[in-house]
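Contents: one structure, followed by commentary.
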Amino acid sequence: MDLDSLHLIGRLGKPWGHQGELTVHLDSVDLEDIIHAGSLFVDIEGQKVPFFFSRLHDKGRDILVKFDDFDDPQSASVLVGRDIYAPPGLLADGSDESWDPEEFIGMLVRDEEHGELGEVTGIDGTDKNPVLVVLGGGREIMIPVADEMILNMDPEENVLLVRTPPGLIDLYRAD
């Protein structure tokens, strides 16, 4: 495995309970973004060491991980305060690629079924659920930014190819 492809996802906190679970402080991902089986890598003195885990879950205010190698808080405590990494395949989308909605502003949007829709004039929604504001034909069209909807981005042609859900474009074109 190429250790350079690992993603820093957070830091391990103090032991929780009596079975060797540790709290996890996630930085760059949400719990839902991590596939809950496999191995995570822990930075131990500059070396990224894989540990299989059997459980990664939300427990009230804390996120907990249960590594297979540790069955009590004392043994698990050797990992406290260490950075934790996920291999690319452990992230839910299975890729390193993520879209930055800001880079779409000014691009021409083409839908694979409806053709040219207009130009991205802004971003609306939230950080977790951004929405492209597309102005075309004197109307605004709102298109969610989701991996399954964005088919291709061609910066040279300044074109964004999308696949909108059935009926979305018709909602904006109806009078």
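Sorted largest first, the principal axis extents computed over the alpha-carbon atoms of the range 3-90 equal 34, 28, 19 Å. Coupling constants for the range 14-23 follow from the phi torsions by the Karplus curve (6.51 cos²θ - 1.76 cosθ + 1.60, θ = phi - 60°), and in residue order they are 6, x, 10, x, 10, 10, x, 6, 10, 6 Hz; glycine and proline get x. Distance between the pseudo-spin-label points of Met142 and Ser5 (7 Å out from Cα toward the beta carbon): 3.8 nm.
Quote the FRET efficiency, to the nearest 0.05, computed for Thr121 versus Val29 with a Förster distance R0 of 22 Å and r equal to the Cβ-Cβ distance. Computed FRET efficiency for Thr121 and Val29: 0.15. Considering only His114, Leu168, Pro101, and ranking their Cα positions along the charge dipole of the range 101-173 that arises from unit charges at the beta-carbon of Lys, Arg, Asp and Glu, the one farthest toward the positive end is Leu168.
Between Gln47 and Leu168, the distance separating the two model label sites (each 7 Å from Cα on the Cα→Cβ line) works out to 4.8 nm.
Taking label positions 7 Å along the Cα-Cβ direction at both Ile105 and Ser77, the computed distance is 5.0 nm, reported to one decimal.
Every number in this text was worked out from the coordinates using simple rules, so none of it is lab data. Just so it is clear, the model here is predicted, and its values are computed rather than measured. Please note: Cβ atoms are built from the backbone with ideal geometry, for glycine as well, and neighbour counts cover all protein chains shown.
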